[in-house]
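See structure below.
The values are calculated or read from the model by the stated rules, or taken from the named source; none is laboratory data. Being a predicted model, the structure only gives us computed values, none of them experimental. Every residue, glycine among them, receives a Cβ derived from its backbone with ideal geometry; neighbour counts consider all protein chains shown.
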Amino acid sequence: MNEQFQHKARKRFGQNFLHDAGVIDKILRSIRAKAEDRMLEIGPGQGALTQGLLNSGAQLDVVELDKDLVPILMHQFGSKPNFSLHQGDALKFDFTSLNAAPNSLRVVGNLPYNISTPLIFHLLQNAYLIRDMHFMLQKEVVERLAAGPGGGDWGRLSIMVQYHCRVEHLFNVGPGAFNPPPKVDSAIVRLVPHETLPHPAKDHRVLERVVREAFNQRRKTLRNTLKALLTSEEITEAGVDGSLRPEQLDLAAFVRLADMLSEKPVAA
Ligand code: SAM
(Lines give C-alpha, C1' and ligand atoms only; values in the text may rest on other atoms or scores of the structure.)
Protein backbone atom coordinates (compact mmCIF):
# COMPACT_ATOMS: atom_id res chain seq x y z
CA MET A 1 0.00 0.00 0.00
CA ASN A 2 1.07 3.58 -0.72
CA GLU A 3 2.97 5.05 2.32
CA GLN A 4 0.66 8.07 2.62
CA PHE A 5 -2.24 5.64 3.20
CA GLN A 6 -0.80 3.65 6.11
CA HIS A 7 -3.68 2.75 8.44
CA LYS A 8 -3.37 1.40 11.98
CA ALA A 9 -6.11 -1.12 12.83
CA ARG A 10 -8.55 0.27 15.42
CA LYS A 11 -9.89 -2.00 18.11
CA ARG A 12 -13.01 0.07 18.75
CA PHE A 13 -14.12 -0.48 15.14
CA GLY A 14 -13.46 -4.22 15.42
CA GLN A 15 -10.75 -3.99 12.75
CA ASN A 16 -9.14 -7.34 11.98
CA PHE A 17 -8.13 -7.12 8.35
CA LEU A 18 -8.03 -10.25 6.21
CA HIS A 19 -4.59 -10.81 4.68
CA ASP A 20 -4.56 -14.52 3.78
CA ALA A 21 -4.96 -14.67 0.00
CA GLY A 22 -6.14 -18.31 0.14
CA VAL A 23 -8.93 -17.47 2.60
CA ILE A 24 -9.95 -14.35 0.64
CA ASP A 25 -10.16 -16.45 -2.52
CA LYS A 26 -12.20 -19.17 -0.78
CA ILE A 27 -14.70 -16.56 0.49
CA LEU A 28 -15.00 -14.98 -2.97
CA ARG A 29 -15.54 -18.40 -4.55
CA SER A 30 -18.34 -19.11 -2.03
CA ILE A 31 -20.02 -15.80 -2.90
CA ARG A 32 -19.58 -16.18 -6.69
CA ALA A 33 -20.45 -12.58 -7.57
CA LYS A 34 -21.65 -12.03 -11.14
CA ALA A 35 -21.71 -8.92 -13.32
CA GLU A 36 -25.52 -8.66 -13.05
CA ASP A 37 -25.46 -8.79 -9.21
CA ARG A 38 -26.38 -5.94 -6.88
CA MET A 39 -23.95 -6.20 -3.95
CA LEU A 40 -23.57 -4.46 -0.61
CA GLU A 41 -20.42 -4.84 1.48
CA ILE A 42 -20.50 -3.89 5.15
CA GLY A 43 -17.16 -2.74 6.56
CA PRO A 44 -14.85 -2.98 3.51
CA GLY A 45 -11.86 -1.94 5.64
CA GLN A 46 -8.81 -1.79 3.40
CA GLY A 47 -10.60 -3.59 0.58
CA ALA A 48 -9.54 -7.23 1.08
CA LEU A 49 -12.84 -8.55 -0.32
CA THR A 50 -13.85 -5.39 -2.20
CA GLN A 51 -11.30 -5.84 -5.00
CA GLY A 52 -12.55 -9.33 -5.91
CA LEU A 53 -16.19 -8.28 -5.69
CA LEU A 54 -15.56 -5.35 -8.05
CA ASN A 55 -13.60 -7.55 -10.47
CA SER A 56 -16.78 -9.59 -11.01
CA GLY A 57 -18.35 -6.49 -12.59
CA ALA A 58 -21.16 -6.45 -9.99
CA GLN A 59 -22.61 -3.11 -8.85
CA LEU A 60 -21.12 -2.69 -5.35
CA ASP A 61 -22.15 -0.29 -2.58
CA VAL A 62 -20.00 -0.33 0.56
CA VAL A 63 -20.75 1.08 4.03
CA GLU A 64 -17.71 1.90 6.15
CA LEU A 65 -17.82 3.62 9.56
CA ASP A 66 -14.15 4.62 9.88
CA LYS A 67 -13.64 8.02 8.19
CA ASP A 68 -9.88 7.40 7.97
CA LEU A 69 -10.46 4.48 5.60
CA VAL A 70 -12.39 6.62 3.11
CA PRO A 71 -9.30 8.08 1.32
CA ILE A 72 -7.73 4.60 1.18
CA LEU A 73 -10.85 3.09 -0.38
CA MET A 74 -11.36 6.02 -2.76
CA HIS A 75 -7.73 5.87 -3.87
CA GLN A 76 -8.08 2.17 -4.69
CA PHE A 77 -11.59 1.98 -6.08
CA GLY A 78 -12.94 5.53 -6.55
CA SER A 79 -12.46 5.48 -10.33
CA LYS A 80 -14.43 2.24 -10.82
CA PRO A 81 -17.90 2.93 -12.25
CA ASN A 82 -19.44 -0.01 -10.31
CA PHE A 83 -18.25 1.27 -6.88
CA SER A 84 -20.20 3.52 -4.43
CA LEU A 85 -18.97 4.35 -0.95
CA HIS A 86 -21.23 5.36 1.95
CA GLN A 87 -19.38 6.57 5.04
CA GLY A 88 -21.46 5.84 8.14
CA ASP A 89 -22.80 3.30 10.60
CA ALA A 90 -24.27 0.20 8.93
CA LEU A 91 -26.59 -0.21 11.95
CA LYS A 92 -28.27 3.08 10.98
CA PHE A 93 -28.02 2.67 7.22
CA ASP A 94 -31.34 2.73 5.36
CA PHE A 95 -31.03 -0.24 2.99
CA THR A 96 -34.14 0.82 1.10
CA SER A 97 -32.19 3.92 -0.06
CA LEU A 98 -30.24 1.66 -2.43
CA ASN A 99 -33.40 1.21 -4.53
CA ALA A 100 -32.62 -2.48 -5.00
CA ALA A 101 -35.33 -4.70 -6.51
CA PRO A 102 -37.01 -7.18 -4.14
CA ASN A 103 -34.97 -10.34 -3.58
CA SER A 104 -31.91 -8.86 -5.36
CA LEU A 105 -29.44 -7.55 -2.80
CA ARG A 106 -26.42 -9.73 -2.04
CA VAL A 107 -24.88 -8.64 1.27
CA VAL A 108 -21.29 -9.43 2.22
CA GLY A 109 -19.14 -8.57 5.22
CA ASN A 110 -16.27 -9.57 7.42
CA LEU A 111 -18.17 -8.11 10.34
CA PRO A 112 -16.86 -6.53 13.50
CA TYR A 113 -17.89 -8.92 16.26
CA ASN A 114 -19.65 -6.29 18.37
CA ILE A 115 -22.18 -5.39 15.68
CA SER A 116 -22.80 -8.76 14.03
CA THR A 117 -26.03 -9.74 15.82
CA PRO A 118 -27.73 -6.29 15.75
CA LEU A 119 -26.69 -5.87 12.11
CA ILE A 120 -28.25 -9.19 11.08
CA PHE A 121 -31.50 -8.16 12.83
CA HIS A 122 -31.34 -4.73 11.17
CA LEU A 123 -30.92 -6.35 7.74
CA LEU A 124 -33.73 -8.82 8.38
CA GLN A 125 -36.15 -5.89 8.80
CA ASN A 126 -35.79 -5.58 5.04
CA ALA A 127 -35.39 -9.30 4.33
CA TYR A 128 -37.62 -8.98 1.23
CA LEU A 129 -34.85 -6.99 -0.52
CA ILE A 130 -32.15 -9.56 0.15
CA ARG A 131 -31.18 -12.49 -2.04
CA ASP A 132 -28.41 -13.79 0.21
CA MET A 133 -25.85 -12.78 2.83
CA HIS A 134 -22.30 -14.06 3.37
CA PHE A 135 -20.69 -13.05 6.64
CA MET A 136 -17.50 -13.75 8.50
CA LEU A 137 -18.51 -14.00 12.17
CA GLN A 138 -17.18 -15.36 15.41
CA LYS A 139 -17.37 -19.18 15.08
CA GLU A 140 -19.59 -19.48 18.17
CA VAL A 141 -22.11 -17.09 16.63
CA VAL A 142 -22.22 -19.13 13.41
CA GLU A 143 -22.77 -22.28 15.48
CA ARG A 144 -25.71 -20.61 17.21
CA LEU A 145 -27.15 -19.37 13.90
CA ALA A 146 -26.98 -22.85 12.35
CA ALA A 147 -28.06 -24.82 15.45
CA GLY A 148 -31.09 -27.10 15.63
CA PRO A 149 -33.35 -27.69 18.64
CA GLY A 150 -32.17 -29.79 21.56
CA GLY A 151 -28.76 -28.30 22.34
CA GLY A 152 -27.26 -25.37 24.15
CA ASP A 153 -26.64 -23.38 20.93
CA TRP A 154 -30.35 -23.29 20.06
CA GLY A 155 -31.81 -20.01 21.26
CA ARG A 156 -33.22 -16.60 20.34
CA LEU A 157 -30.62 -15.95 17.61
CA SER A 158 -31.09 -19.36 15.90
CA ILE A 159 -34.87 -19.14 16.01
CA MET A 160 -35.34 -15.55 14.86
CA VAL A 161 -32.78 -15.91 12.04
CA GLN A 162 -34.11 -19.31 10.91
CA TYR A 163 -37.62 -17.83 10.90
CA HIS A 164 -36.44 -15.65 7.98
CA CYS A 165 -33.51 -17.56 6.47
CA ARG A 166 -31.91 -20.84 5.55
CA VAL A 167 -28.55 -20.96 7.32
CA GLU A 168 -25.38 -22.68 6.05
CA HIS A 169 -22.15 -22.84 8.08
CA LEU A 170 -19.66 -22.88 5.18
CA PHE A 171 -16.17 -23.10 6.74
CA ASN A 172 -14.03 -22.00 9.66
CA VAL A 173 -11.18 -19.48 9.55
CA GLY A 174 -8.36 -19.38 12.11
CA PRO A 175 -7.00 -16.17 13.71
CA GLY A 176 -3.84 -16.24 11.53
CA ALA A 177 -5.82 -15.13 8.46
CA PHE A 178 -6.26 -11.66 10.00
CA ASN A 179 -4.07 -8.73 10.89
CA PRO A 180 -4.12 -8.23 13.83
CA PRO A 181 -5.27 -11.78 14.70
CA PRO A 182 -8.46 -11.89 16.79
CA LYS A 183 -8.58 -13.92 20.03
CA VAL A 184 -11.35 -16.17 18.69
CA ASP A 185 -11.98 -18.51 15.76
CA SER A 186 -14.16 -17.24 12.94
CA ALA A 187 -16.43 -18.86 10.38
CA ILE A 188 -18.20 -18.00 7.16
CA VAL A 189 -21.97 -18.30 7.14
CA ARG A 190 -24.46 -18.04 4.27
CA LEU A 191 -27.97 -16.79 5.08
CA VAL A 192 -30.63 -17.08 2.38
CA PRO A 193 -33.98 -15.41 3.14
CA HIS A 194 -36.92 -17.76 2.47
CA GLU A 195 -39.04 -16.64 -0.47
CA THR A 196 -42.02 -18.04 1.41
CA LEU A 197 -41.74 -18.31 5.18
CA PRO A 198 -41.98 -22.00 6.17
CA HIS A 199 -43.67 -21.17 9.50
CA PRO A 200 -45.25 -17.71 9.25
CA ALA A 201 -46.42 -16.23 12.53
CA LYS A 202 -49.58 -14.08 12.72
CA ASP A 203 -47.42 -11.31 14.17
CA HIS A 204 -43.68 -11.75 14.16
CA ARG A 205 -43.21 -9.24 17.02
CA VAL A 206 -45.29 -11.57 19.20
CA LEU A 207 -43.01 -14.44 18.19
CA GLU A 208 -39.99 -12.35 19.22
CA ARG A 209 -41.63 -11.66 22.58
CA VAL A 210 -42.45 -15.33 23.25
CA VAL A 211 -38.94 -16.48 22.26
CA ARG A 212 -37.25 -13.77 24.38
CA GLU A 213 -39.42 -14.60 27.40
CA ALA A 214 -38.91 -18.38 26.98
CA PHE A 215 -35.11 -18.13 26.81
CA ASN A 216 -34.78 -15.61 29.62
CA GLN A 217 -34.56 -18.62 31.91
CA ARG A 218 -33.62 -21.48 29.64
CA ARG A 219 -33.30 -24.06 32.43
CA LYS A 220 -36.96 -23.69 33.48
CA THR A 221 -39.99 -25.39 31.95
CA LEU A 222 -42.08 -23.52 29.39
CA ARG A 223 -45.03 -23.52 31.77
CA ASN A 224 -42.84 -21.48 34.14
CA THR A 225 -41.02 -19.19 31.75
CA LEU A 226 -44.15 -18.28 29.79
CA LYS A 227 -46.55 -17.91 32.71
CA ALA A 228 -46.85 -14.13 32.29
CA LEU A 229 -48.02 -14.69 28.69
CA LEU A 230 -49.86 -18.03 28.44
CA THR A 231 -51.63 -20.37 30.86
CA SER A 232 -50.69 -24.01 31.12
CA GLU A 233 -53.95 -24.87 29.27
CA GLU A 234 -53.16 -22.47 26.42
CA ILE A 235 -49.70 -24.00 26.02
CA THR A 236 -51.28 -27.46 25.76
CA GLU A 237 -53.93 -26.13 23.36
CA ALA A 238 -51.09 -24.89 21.11
CA GLY A 239 -49.93 -28.51 20.93
CA VAL A 240 -46.89 -27.94 23.14
CA ASP A 241 -45.84 -29.94 26.21
CA GLY A 242 -45.45 -27.32 28.98
CA SER A 243 -43.07 -29.52 30.94
CA LEU A 244 -40.39 -29.19 28.23
CA ARG A 245 -37.58 -26.66 28.39
CA PRO A 246 -37.42 -23.93 25.73
CA GLU A 247 -34.37 -25.44 24.00
CA GLN A 248 -36.41 -28.60 23.24
CA LEU A 249 -38.94 -26.75 21.05
CA ASP A 250 -38.58 -26.29 17.30
CA LEU A 251 -39.45 -23.13 15.36
CA ALA A 252 -42.93 -24.42 14.38
CA ALA A 253 -43.82 -24.95 18.07
CA PHE A 254 -42.70 -21.42 18.99
CA VAL A 255 -44.85 -20.06 16.16
CA ARG A 256 -47.89 -22.00 17.50
CA LEU A 257 -47.31 -20.49 20.96
CA ALA A 258 -46.96 -17.00 19.47
CA ASP A 259 -50.17 -17.43 17.44
CA MET A 260 -51.99 -18.59 20.58
CA LEU A 261 -50.85 -15.37 22.30
CA SER A 262 -51.81 -13.24 19.27
CA GLU A 263 -55.36 -14.65 19.36
CA LYS A 264 -55.76 -14.13 23.08
CA PRO A 265 -58.24 -11.36 23.88
CA VAL A 266 -56.43 -8.39 25.43
CA ALA A 267 -57.41 -7.99 29.11
CA ALA A 268 -59.51 -4.87 29.64
N1 SAM B 1 -13.59 -6.29 5.11
C2 SAM B 1 -12.28 -5.96 5.67
C3 SAM B 1 -11.41 -7.20 5.68
O4 SAM B 1 -11.98 -8.30 5.53
O5 SAM B 1 -10.21 -7.07 5.82
C6 SAM B 1 -12.40 -5.37 7.08
C7 SAM B 1 -13.01 -6.24 8.12
S8 SAM B 1 -12.94 -5.60 9.77
C9 SAM B 1 -13.24 -7.08 10.71
C10 SAM B 1 -14.48 -4.77 10.01
C11 SAM B 1 -14.69 -3.46 9.24
O12 SAM B 1 -15.99 -2.92 9.58
C13 SAM B 1 -13.70 -2.37 9.58
O14 SAM B 1 -13.28 -1.75 8.38
C15 SAM B 1 -14.48 -1.38 10.46
O16 SAM B 1 -14.01 -0.05 10.37
C17 SAM B 1 -15.89 -1.52 9.87
N18 SAM B 1 -16.98 -1.18 10.80
C19 SAM B 1 -17.00 -1.31 12.15
N20 SAM B 1 -18.18 -0.95 12.65
C21 SAM B 1 -18.95 -0.59 11.58
C22 SAM B 1 -20.28 -0.10 11.43
N23 SAM B 1 -21.07 0.06 12.50
N24 SAM B 1 -20.74 0.18 10.19
C25 SAM B 1 -19.94 0.01 9.09
N26 SAM B 1 -18.67 -0.44 9.17
C27 SAM B 1 -18.18 -0.73 10.39
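Odds and ends about this structure:
- Filter pass, residue 190 being among the charged types (D, E, K, R), away from the ligand (no atom under 14 Å from the Cβ), under 25 Å from residue 46 (Cα atoms) and under 12 Å from the mean Cα position of the chain (by Cα): yes
- Here residue 47 passes the criteria (1) crowded, with 20+ Cβ neighbours inside 10 Å; (2) within 19 Å of the chain's Cα centre (by Cα) except the one numbered (2).
- Here residue 154 fulfils each of the conditions (1) modelled with pLDDT of 95 or more; (2) of a type in the set (Phe, Trp, Tyr); (3) within 16 Å of the ligand (Cβ to nearest atom) apart from (3).
- Checked against the criterion of being assigned to a helix (DSSP H, G or I) and either within 13 Å of the ligand (Cβ to nearest atom) or basic (Lys, Arg) (or both), the candidates 144, 131 yield just one match: 144.
- Residues of the stretch 36-60 classified as in a loop (DSSP other than H, G, I, E, B), more than 7 Å from the ligand (Cβ to nearest atom), of a type in the set (Gly, Ala, Ser) and on the phi < 0 side of the Ramachandran plot, total: 2
- Scope the stretch 167-202; condition closer than 17 Å to residue 147 by Cβ, without any contact (Cβ under 8 Å) to a residue 40 or more places away in the chain and surrounded by 14 or more Cβ atoms within 10 Å (Cβ to Cβ); matching residues: 167, 168, 169
- Residue check, residue 253 without any contact (Cβ under 8 Å) to a residue 24 or more places away in the chain, closer than 20 Å to residue 163 by Cα and not in a loop (DSSP other than H, G, I, E, B): yes
- Single unsatisfied condition, residue 92 versus (1) near the ligand (Cβ under 10 Å from one of its atoms); (2) free of Cβ contacts under 8 Å to residues at least 24 places away in the same chain; (3) under 25 Å from residue 26 (Cβ atoms): (3)
- Scan the stretch 156-211 for residues that are part of a loop (DSSP other than H, G, I, E, B) and farther than 30 Å from residue 16 by Cα and the total you get is 10.
- Test for residue 108: is it in contact with a strand residue (DSSP E or B) (Cβ under 8 Å, 6 or more places away or on another chain), β-branched (Val, Ile, Thr) and not in a helix (DSSP H, G or I): yes
- Hey, residue 214 in a loop (DSSP other than H, G, I, E, B) and buried (at least 17 other Cβ atoms within 10 Å of the Cβ) or not: no
- Some residue of the stretch 100-115 being within 9 Å of the ligand (Cβ to nearest atom) and surrounded by fewer than 18 Cβ atoms within 10 Å (Cβ to Cβ): yes
- Positions within the stretch 61-77 being within 18 Å of residue 94 (Cα to Cα) and either aliphatic (A, V, I, L, M) or more than 7 Å from the ligand (Cβ to nearest atom) (or both), in sequence order: 61, 62, 63, 65
- Looking at 69, 123, 53, just one residue is touching a His at 6+ places or on another chain (Cβ under 8 Å) and either buried (at least 21 other Cβ atoms within 10 Å of the Cβ) or farther than 21 Å from residue 171 by Cβ (or both), and that residue is 69.
- Restricting the stretch 9-35 to residues that are assigned to a loop (DSSP other than H, G, I, E, B) and away from the ligand (no atom under 12 Å from the Cβ), the residue that is surrounded by the most Cβ atoms within 10 Å (Cβ to Cβ): 33
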